[in-house]
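Undergrad: The structure under discussion is supplied below as structure tokens; questions concerning it will follow.
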Amino acid sequence: MSGRITKPALVLIISTVSLFLSFNANAQCCSTGSPVGASVYVGVLGKNYLRGISYYRHSSSVDFYEKDHKVPKTGGPAEVSNSKFNFAGVAVAYGVTKRLTIELDAGYFINKTQYWNRGDTIRGSGFSNGTFTFKYGTIIRPVQQLELTTGFGIRFPLSTNPQYVDGAKLNADVQPSTNAFGVSEMLFFNKGFPSISLRLFSINRYDYNFANKQDYKYGNILLNSIFVSKKIAKYFFGLLQVRNEWKTNDKDYLNTETDHKVVNSGFDLVTVSPQLSYSIAGKWNLTASYDIPVYKYYNGKQMTPAYSFAISLTRDFNLGK
């Protein structure tokens, strides 16, 4: 991918990939950190190109899992009955050279809500972690529609203090931010087949979280995704994403039991996500996706996602004109 936007298909594919990969484990019932990566997962832009993205995601969780099977709810008053979150974010990417792209994204949890059987509702809201990313196009061959890009990102909290409501600190599941720094590494591979209007993507990402000043460390995440993109009509492109997310246990260093491990944390999740992109006047790109979990393995007993959906609006600008 050279970053040029003369072909609507290229713009649509880039905008779609940039929206729908998960960031900081949207798999959990109420993930902490930004649940939708903006443009941190796609390849490099062309020199002097600027991309702006706005996006929204809703996620709902209902069932408890222990390992790979659903477990019945006790129905007790001290148990969560269901949970959900609504998240909005923005991202900006700029092509410094034909091989180097820098990106900045941030977002806001409109709400992260748990509904308890006893009638209580626990709700967090606020800014999630931001991310500043450098991406370098190791291999860029526009004629062959081939790209291999590596990246390194620094995640930063907009606040290092946890959120309190009515004088009580919210639990980890509804905190809008990790309140800690982190780093990310990524590898992006793309191959296009213009004769059949099809593209394949492979994306791998590893996120490492440091402990916050409350001595709580959110688990690290390994994310692997494969996309297939196909033109289905004029200005319409369909995509299918298969995504695997693996997260290690959280650690609470104030808890000396079980080697600081938070037992009810960490998972392995496989998600299938059908997606549709539409080009508006050849400039704006509207994309929608729906996530369907197909395999769940959760450490301890955790509430797991039932579904989520997202929409995004993307536009590229050539600042070199």
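The values are calculated or read from the model by the stated rules, or taken from the named source; none is laboratory data. Predicted model, so just to flag it, every value in this text is computed and none were measured. Cβ placement follows ideal geometry from the backbone for every residue including glycine, while neighbour counts extend to all protein chains displayed.
Undergrad: Just the residues that are in a loop (DSSP other than H, G, I, E, B) and aromatic (F, W, Y), please, taken from region 249-267. Reasoning before the result, please.
TA: Initially, region 249-267 is screened for residues in a loop (DSSP other than H, G, I, E, B), giving 249-250, 253-256, 262-266.
Residue satisfying the conditions is Y253 alone.
Undergrad: Can you tell me which condition S202 does not meet? The list is (1) closer than 22 Å to G43 by Cα; (2) in a loop (DSSP other than H, G, I, E, B), and all the others hold.
TA: Of the numbered conditions (1) closer than 22 Å to G43 by Cα; (2) in a loop (DSSP other than H, G, I, E, B), the odd one out for S202 is (2).
Undergrad: If I filter region 294-321 down to residues being among the basic types (K, R) and in contact (Cβ under 8 Å) with a residue 60 or more places away in the chain, which single residue comes out as farthest from W246 (Cα to Cα)?
TA: Pass one, region 294-321, residues among the basic types (K, R): 296, 301, 315, 321.
Still in the list and also in contact (Cβ under 8 Å) with a residue 60 or more places away in the chain: 296, 301, 315.
Values: K296: 10, K301: 16, R315: 32 Å.
Once the filter is applied, the top-ranked residue is R315.
Undergrad: Right, next: Can you confirm whether L148 is closer than 23 Å to N220 by Cα, surrounded by fewer than 23 Cβ atoms within 10 Å (Cβ to Cβ), touching a Phe, Trp or Tyr at 6+ places or on another chain (Cβ under 6 Å) and modelled with pLDDT of 90 or more? Full working, then the answer.
TA: Values: closer than 23 Å to N220 by Cα: no; surrounded by fewer than 23 Cβ atoms within 10 Å (Cβ to Cβ): yes; touching a Phe, Trp or Tyr at 6+ places or on another chain (Cβ under 6 Å): yes; modelled with pLDDT of 90 or more: yes.
No, not satisfied.
Undergrad: On to the next question. Sort through Y298, Y290, Y307 and tell me the only one that's in a strand (DSSP E or B), of a type outside the set (D, E, K, R) and touching a Gly at 6+ places or on another chain (Cβ under 9 Å).
TA: On the way: Y290 fails: touching a Gly at 6+ places or on another chain (Cβ under 9 Å); Y307 fails: touching a Gly at 6+ places or on another chain (Cβ under 9 Å).
Only one candidate qualifies: Y298.
Condition check ((1) in contact with a Lys or Arg (Cβ under 9 Å, 6 or more places away or on another chain); (2) of a type in the set (S, T, N, Q); (3) over 25 Å from Q302 (Cβ atoms); (4) surrounded by 15 or more Cβ atoms within 10 Å (Cβ to Cβ)) across all residues:
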| site | (1), (2), (3), (4) |
| --- | --- |
| S61 | yes, yes, no, yes |
| V71 | yes, no, no, no |
| N82 | no, yes, no, yes |
| F85 | yes, no, no, yes |
| A91 | yes, no, yes, yes |
| T113 | yes, yes, no, yes |
| W116 | no, no, no, yes |
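Undergrad: Take the conditions of a type in the set (G, A, S), out of contact with any strand residue (DSSP E or B) (no Cβ under 8 Å at 6 or more places or on another chain), farther than 21 Å from E66 by Cα and without any contact (Cβ under 8 Å) to a residue 40 or more places away in the chain and apply them to A288. Does it pass?
TA: On the way: of a type in the set (G, A, S): yes; out of contact with any strand residue (DSSP E or B) (no Cβ under 8 Å at 6 or more places or on another chain): no; farther than 21 Å from E66 by Cα: yes; without any contact (Cβ under 8 Å) to a residue 40 or more places away in the chain: yes.
Criteria not met by A288.
Undergrad: Something else about it: Filter region 64-83 for residues that are closer than 22 Å to P176 by Cα, in contact (Cβ under 8 Å) with a residue 40 or more places away in the chain and not aliphatic (A, V, I, L, M) and give the result.
TA: Within region 64-83, F64, N82, S83 meet the criteria.
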